[in-house]
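Trainee: A single structure is presented below for examination.
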Amino acid sequence: MLSILELERKVVKTNLCTNCGACQGMCPYWKSYEGRTFVDYECDRAEGRCKYFCPRMPADLDSLMKKFFEEKDITSELGPVKGLYLTRAADPQIRAKAQHGGTMTALVELALAEGFIDAAVLSKAEGTLDPEGQLITDPADVRACSGSSFQIPPTMAVLNEALKENEYKKIGVVGTPCKTLSAYKMMAKPFEDNDNNADNIGMVFGLFCGWGLDWKGMEAFGDAGHADILPSKFHRMDLDDRQVDLDDVLPLVRENCNYCYDMTAEFADLSVGGARSSEGWDTDKGWNQLIVRSEKGQKLVELAREKGILEFREFGDDSAKAAAMDKLKKASASKKSKAVQALIEKDGTLGYLEPSKEIFAEYIK
Amino acid sequence: MTTKNEPGKTYLMQGNEAIVRGALEGGIHFASSYPGSPSSQVLGMLGHIAEDMGFRAEWSTNETTALQSCMGASFANGRSICIVKQNGLLVQSDAIHCGALGGIKGGLVIISSDDPDSHSSTNEFDSRHLAISANIPMLEPASVQETKDMIPYALQLSEELEQMVLVRVTTRICHGRGGVELGELPEKRPFTPIGEWDRMVGINWLHGFLLEKLEWAREAFEKSEFNHYNGLDKAKKLIITGGTGMKYTLDAIEDIGIEGEVGVLSLGTLWPLPEKLILERLKDAEKVLVVEEVDPFLEEHIAAIAGKNKVNIEIYGRNDIIPQVGELNPEVVTKALKEFVGIQDAKASDAVCGGEGCPAAEGLTIPERELTFCAGCPHRASFFILKQALRREGNHGVVMGDIGCYTMAGQRAGQYGYHFMSCMGSGISAAEGLGQLTNYGFNQPVVSLCGDSTFFHTVVPGLINAKMNDANILHIVLDNSATAMTGFQPHPGTGETAMGHETEKISIKALCESLGCRVWTADPFDVEETTQLITDLIRTKGLKVLILQQPCATLAAKTRAKKKVWVDTDKCRGENCGCDRYCSRVWGCPGNIWDFEKNCAAIDEVVCVGCGVCAKICPAGAIQVEEPEDAEGKGGSK
Ligand SMILES: Cc1cc2nc3c(=O)[nH]c(=O)nc-3n(C[C@H](O)[C@H](O)[C@H](O)COP(=O)(O)OP(=O)(O)OC[C@H]3O[C@@H](n4cnc5c(N)ncnc54)[C@H](O)[C@@H]3O)c2cc1C
Ligand SMILES: Cc1ncc(C[n+]2csc(CCOP(=O)(O)OP(=O)(O)O)c2C)c(N)n1
Ligand code: SF4
Ligand code: SF4
């Protein structure tokens, strides 16, 4: 089957597509508009990069992970873990605009300034709507992208374009789990001689993710400077000072997110989410959880500690840390179970997770 | 085409020129037309000579206006001809029926050109049925000479009967060539003032009179020199032909060598049929083969004559041994004749109508080529953009087309961008109806399209209908400043007349705005901006009119300096993942070709008109465009 048709049939038409953009930016056929990925015209090739880069095409995720991470670090629920921290940006200016504690913005700035990466692909929204991928080369521009939109832009298309240009040799990319997985699929180089310069990916920064939202319908809630989804017991989304009942938002959750097994961006050098410690929301508000997964990630975080770029908050005693880890694992495992269930309900198999069935067996109810 | 008065002299002429010459010899005062193949060129030629020859020639907005202006000229005893294609005749249908009831004064001849096999049409309708329905006399020439001769005759007959006369011609006549012996050019006849009590009104109490006129015509046709008999007298095997059927038949008889066996009655006066003449031949015959273009028109009426007169005879033709669809050709007629006379070597039903049927081409395989837009055609860009905009919507929408060059959008040239196509003017009205369903749960964007000539032809009433009914559609006018499909005839938006005079251009935009429509204009060559505009318009509720302006490439080639376009072979990604020959395979301009030796895209410099649009869509930025040198000799790449 033509590559383009296979991807369209297996992923797009089945609503598995995440709109990550990994299939885009390399050729004129795949496009995205307002959160939806589609083909304009058909490509005639049997084999193409699009279908191999797509995070929703079947792949052996276990082998992929072992290829890039140390086996000893790999956990079933959270992927590779070298360390878990509670952090926030030391600079209050970053924190003022950031999603939670500004850890991501501070780390990307540092990585750019210190040469870990020479460019960064981020996502920028006007307020909280219509996010777009952005290629950033000046550390001073990183802050303009802080904060989150819950709509899903095809940011990986911007990465692909930047890789194609071959001007930057160590590009960092920040993305939700679907996006970071695709970055590793790119680095796995399905075609040795046609890799879109995947070696130019310098670092991958993961964002925790529960789900993303559709374009259509979001405008009804109006624009805001800042949007946040509170811990589950609050059951609400805050848009600046406005509180929106989560039940009004949930219908806009992208269908594909129901099939997503990954809450913590397991494929990444490091992953950042909102802090959810045992101390409760009042203390956690404005703090991040940070999982370090690779040596490169470790080095960057250590440097941030040395330079005072990040502030670290202790979990309390060891048991408090273990409790936090446990809570995170439970939340993550719950996302995996739901995804596995949804996939089985959809077509009786694990779908794109089928080649990795062994690692998902424990989540099948 | 000669305008000289040289009776007896012979010229080689195309059928369409013979129509012009016939009109001159018929002493016309007025000629009108809306273009349509295969007779599109006739009025253009008349327009060129009208000034010198002292008559008025005009392109009309559509075929109805064309015929009715002839009727006006006829009222003052002016002679006129109206030239249309088969669809045009159908457009005139009401005007003909009502006009025929009222009758005419000065001779009025309608020339309707049929296109068997639809070489340059969307159908092969047979004009002849309309003569029966409207009760008017009809003729069909068998040769180019007869075409010329028939027109003055038809004008004369029309005047004598005070009735319009239809002359049916076909593609092989219009585009064929033959020697034509000229007749005399008459003195121009003065007009007759229209008296206070003179009338031209189509009203039902004239119905009986209308039929009476037809009987007078029949009397005249019994003795007409346009009906011929060849071959064996009192033939048991009789062949009856209409129009070009005669030539095919006589050639085939000679080829097979059955001259001594059959007789051929060739009819030029097709309605009303000369019954006595036909019966005279039928009574000796045992079986009849009817050879005619398209429908079994003569075949069925001859069967009726035979039945009415209790002549027991076998009748063959388009209903059996000649295929029911497609154009006659020598092979079909030869096989039919053989089967008719009982030669066993071939079965007629094996032969296929249409194609070229040229024995010389046997054994040669000619590659099948799809119709496509010319290099640099703005329609290619328009459909490319439209498809992209609709794909963005996640709903391919419904695109309701019309007739013009852009009809080719139904094929690869326009990214298969058509869901609907019927007759001229149909797109917008069909879209209006479909679009109304969006108020009742139908959930697809509805887009209609038309060209600028078609806009004036029949779209305007459809647009008014859409406005009045608060349609929910996007209507796109593909304004290429031309009636391109049929050869650049002037239309109300072009600012000139058939006789080469300037006339005030009618602005499509102003006209739409005057109806209260919301109107946008854009350039299809601004690929990105126009895609976004269409995306936004598709989402806007209500009636939207978008005029996409960019002159037809053929016109542009005459006025614009040609930009040089070439492919930077180092940048071209060619067949690789990331391009897969986007320019030559998807965009599909004939100027974008594939260099099989270098395995790389190339530009066919002869074909390329330098529009530069492919450079905008090349994913590798490999296509380079060099601006033409300006007055100061500066050029440059971009
Ligand atoms: C759709 C979505 C769902 C999320 N769900 C959860 C969740 O359930 N639990 C949780 O703990 N955390 C979730 N996060 C992550 C969280 O919102 C923060 O991004 C993360 O905690 C980092 O915070 P920060 O203060 O360091 O971010 P900042 O310093 O403000 O940096 C945010 C970074 O995110 C990028 N970004 C913004 N919007 C998007 C987007 N739509 N897609 C991709 N990148 C984007 C920006 O480029 C910026 O680099 C989600 C994020 C997104 C985008
Ligand atoms: C009733 C009728 N009259 C005439 C024709 C012949 N014809 C086909 S398309 C066309 C005009 C097309 O002009 P326009 O709409 O401007 O489109 P373009 O070809 O320039 O793209 C004509 C006259 C026809 N098909 N039907
Ligand atoms: S690569 Fe991303 S955007 Fe493309 S089909 Fe797969 S999930 Fe959708
Ligand atoms: S579209 Fe561009 S890259 Fe592709 S074949 Fe044509 S010139 Fe080459």
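Where a number appears in this text, it was derived from the coordinates with a stated rule and is not lab data. Keep in mind it's a predicted model, so treat the numbers as computed, not measured. For neighbour counting, all protein chains shown are included, and Cβ atoms are generated from backbone atoms with ideal geometry for every residue, glycine included.
Trainee: Which far-off residues, 5 or more places away or on another chain, put their amide H under 5 Å from the one on B:Leu289, with H placed in the peptide plane?
Mentor: Sorted by chain and number, the residues that satisfy this are B:Leu238, B:Ile239, B:Ile240, B:Tyr316.
Trainee: Lys pairs in the stretch B:560-633, Cα-Cα under 18 Å, at least 8 apart or on separate chains: how many?
Mentor: For the stretch B:560-633, qualifying lysine pairs total 5.
Trainee: Still on this model: Based on alpha-carbon atoms only, what is the radius of gyration of the stretch B:1-123 relative to the globular estimate 2.2 N^0.38 Å?
Mentor: Against the compact-globule rule of thumb, the ratio is 1.04.
Trainee: Only counting other Cβ atoms within 10 Å, I'd like A:Met218, B:Met1, A:Met26 sorted with the fewest neighbours first.
Mentor: B:Met1, A:Met218, A:Met26
Trainee: Let me ask something else. Averaging over all projection directions, find the projected area of the Cα convex hull of the stretch B:560-633 and quote it in nm² with one decimal place.
Mentor: Mean shadow area of the hull around the Cα atoms is 5.2 nm².
Trainee: Which whole-Hz ³J(HN,Hα) couplings does the stretch B:612-619 yield from phi under the Karplus relation 6.51 cos²θ - 1.76 cosθ + 1.60, θ = phi - 60°, glycine and proline marked x?
Mentor: x, 5, 4, 5, 6, 9, 4, x
Trainee: Here's a follow-up. Rounded to two decimals, what is the ratio between the C-alpha radius of gyration of the stretch B:228-360 and 2.2 N^0.38 Å?
Mentor: Against the compact-globule rule of thumb, the ratio is 0.97.
Trainee: Could you tell me the calculated FRET efficiency between B:Thr503 and B:Arg560, based on Cβ-Cβ distance and R0 = 22 angstrom, to the nearest 0.05?
Mentor: 0.35
Trainee: Next question, about the same structure. Would you kindly work out the equivalent ellipsoid of the protein assembly as shown from its C-alpha gyration tensor and give its semi-axes, the square roots of five times the eigenvalues, largest first in whole Å?
Mentor: So the three semi-axes of the protein assembly as shown are 76, 29, 26 Å.
Trainee: Counting only residues 5 or more places away or on other chains, whose amide H sits under 5 Å from the amide H of B:Gln411 once H atoms are built in the peptide plane?
Mentor: Close amide H contacts, sequence-distant or interchain: B:Tyr416, B:Gly417.
Trainee: Let me ask something additional. If you place +1 on the Cβ of every Lys and Arg, -1 on the Cβ of every Asp and Glu, and leave all else neutral, what size is the dipole of the stretch B:378-557 about its Cα centre, to the nearest 20 Debye?
Mentor: That gives a dipole near 540 debye.
Trainee: I would also like to ask the following. Which of A:Ile344, B:Ser382, B:Gln444 sits closest to the plus end of the dipole of the protein assembly as shown, meaning its Cα is farthest towards the positive end, when Lys and Arg get +1 and Asp and Glu get -1 on the C-beta?
Mentor: A:Ile344
Trainee: Order of B:Ser266, B:Ser32, B:Ser93 from fewest to most other C-beta atoms within 10 Å?
Mentor: By the 10 Å Cβ count, ascending, the order reads B:Ser93, B:Ser266, B:Ser32.
Trainee: Okay, moving on. With every atom except the alpha carbons ignored, what do you get for Rg and Dmax of the stretch A:66-189, in angstroms?
Mentor: 15.0, 42
Trainee: Of all alpha-carbon pairs in the stretch B:378-557, indicate the percentage at a distance above 24 angstrom.
Mentor: Value for the stretch B:378-557 (Cα pairs over 24 Å): 30 percent.
Trainee: Moving on. What's the long-distance tail for the stretch B:153-244, i.e. % of Cα pairs beyond 16 Å?
Mentor: 75
Trainee: To continue, here is another question. How much of the DSSP beta bridge set in the protein assembly as shown is antiparallel, as a percent to the nearest 5?
Mentor: Approximately 45 percent, going by the DSSP bridge assignments.
Trainee: Continuing with this model, one more query. Just to be sure I understand the curve: with the Debye formula and one point per C-alpha of the stretch B:15-65, what is log10 I(q)/I(0) at q = 0.18, 0.33 Å⁻¹?
Mentor: Taken in order of the listed q values, log10 I(q)/I(0) reads -0.51, -1.37.
Trainee: Calculate how many DSSP beta bridges within the stretch B:378-557 are antiparallel, expressed in % of all such bridges and rounded to the nearest 5.
Mentor: 5
Trainee: Towards the positive end of the charge dipole of the protein assembly as shown, with charges on Cβ (+1 Lys, Arg; -1 Asp, Glu), say which of B:His48, B:Cys405, B:Leu90 has the farthest Cα.
Mentor: Result: B:Cys405.
Trainee: Still on this structure: Given A:Lys189/A:Lys307; A:Lys189/A:Lys321; A:Lys189/A:Lys335; A:Lys285/A:Lys307, which pairs have Cα atoms separated by over 32 Å?
Mentor: Table pairs above 32 Å Cα-Cα are A:Lys189/A:Lys307; A:Lys189/A:Lys321.
Trainee: Please give the peptides A:71-82, B:55-66 ranked by average Cβ packing (other Cβ atoms within 10 Å per residue), highest first, as a rough proxy for protection.
Mentor: In decreasing order of mean packing, A:71-82, B:55-66 become B:55-66, A:71-82.
Trainee: When only DSSP loop residues count, what trypsin sites (Lys or Arg not before Pro) in the stretch B:282-334 have their Cβ near at most 16 other Cβ atoms within 10 Å?
Mentor: Answer in residue order: B:Lys283, B:Lys310.
Trainee: On to the next question. Considering all alpha-carbon pairs of the stretch A:70-335, what whole percent are spaced by more than 24 angstrom?
Mentor: Of all Cα-Cα distances in the stretch A:70-335, 46 percent exceed 24 Å.
Trainee: Averaged across A:43-49, how many Cβ atoms of other chains sit within 10 Å of each residue's Cβ atom?
Mentor: Mean number of neighbouring Cβ atoms from other chains: 4.
Trainee: Below 8 Å, C-alpha to C-alpha, sequence gap of six or more: please give me the relative contact order for chain A in percent.
Mentor: So the answer I get is 22 percent.
Trainee: When you have a sec, figure out the Kirkwood radius of the stretch B:86-183 from all distinct Cα pair distances and drop it here in Å to one decimal?
Mentor: So the Kirkwood estimate lands at 13.9 Å.
Trainee: Can you tell me the Rg and Dmax of the stretch B:493-596, counting just the alpha carbons, in angstroms?
Mentor: 19.5, 56
Trainee: Angle, helix B:426-436 long axis vs. longest principal axis of chain B, Cα atoms, 0 to 90°, nearest 10?
Mentor: For helix B:426-436, the angle is close to 60 degrees.
Trainee: When DSSP assigns beta bridges and you keep just the ones with both residues in chain B, what percent turn out antiparallel, to the nearest 5?
Mentor: So the antiparallel bridges amount to about 30 percent of the total.
Trainee: So which GluC sites (Glu not before Pro) in the stretch B:533-638 pass both tests, a DSSP loop state and at most 10 other Cβ atoms within 10 Å of the Cβ?
Mentor: In loop regions of the stretch B:533-638 (DSSP not H, G, I, E or B), the sparsely surrounded GluC sites (Glu not before Pro) are B:Glu597, B:Glu632.
Trainee: So what is Rg over Rh here for the stretch B:123-277, counting just Cα atoms and using Kirkwood for Rh?
Mentor: 1.03
Trainee: Find the relative contact order for chain B and round it to a whole percent, using C-alpha pairs within less than 8 Å whose residues are 6+ positions apart.
Mentor: It rounds to 10 percent for chain B.
Trainee: May I pose another question? Which whole-number percent gives the relative contact order of the stretch B:528-602, counting Cα pairs below 8 Å spaced six or more residues apart?
Mentor: Dividing the mean separation by the residue count of the stretch B:528-602 yields 21 percent.
Trainee: Of the cross-linked pairs B:Lys247/B:Lys283; A:Lys66/A:Lys346; A:Lys179/A:Lys365; A:Lys72/A:Lys164, which ones have a Cα-Cα span greater than 31 Å in the structure shown?
Mentor: The answer is A:Lys72/A:Lys164.
Trainee: Determine the distance separating the Cα centre of the stretch B:461-509 from the Cα centre of the stretch B:272-300; give it in Å without decimals.
Mentor: Here the answer is 45 Å between Cα centres.
Trainee: Also: What is the average number of partner chain Cβ atoms found within 10 Å of a Cβ in B:570-579?
Mentor: Mean shielding by partner chains, rounded to a whole number: 4.
Trainee: Right, here's the next one. Based only on other Cβ atoms within 10 Å, what is the fewest-to-most ordering of B:Leu434, B:Leu270?
Mentor: Starting with the residue having the fewest Cβ neighbours, the order is B:Leu434, B:Leu270.
Trainee: Compute the Kirkwood hydrodynamic radius of chain B, taking the inverse of the mean of 1/r over all pairs of distinct Cα atoms, and give it in Å to one decimal.
Mentor: 27.1
Trainee: Compute the distance from the alpha-carbon center of the stretch A:238-295 to that of the stretch A:11-76, in whole Å.
Mentor: Distance between centres, Cα-based: 23 Å.
Trainee: Sticking with this one: Taking K and R as +1 and D and E as -1, what net charge do the other residues with C-beta under 9 Å from the C-beta of B:Lys564 add up to?
Mentor: It works out to a net charge of -1.
Trainee: Something else about it: Ranking request for peptides A:110-121, B:497-508, B:415-426, B:162-173: highest mean number of other beta-carbon atoms within 10 Å first, then the rest in descending order.
Mentor: Ranking the peptides A:110-121, B:497-508, B:415-426, B:162-173 by packing returns B:162-173, A:110-121, B:415-426, B:497-508.
Trainee: What do you get for chymotrypsin sites (Phe, Trp or Tyr not before Pro) in the stretch B:195-275 restricted to DSSP loop and a cutoff of at most 13 other Cβ within 10 Å of the site's Cβ?
Mentor: B:Trp197
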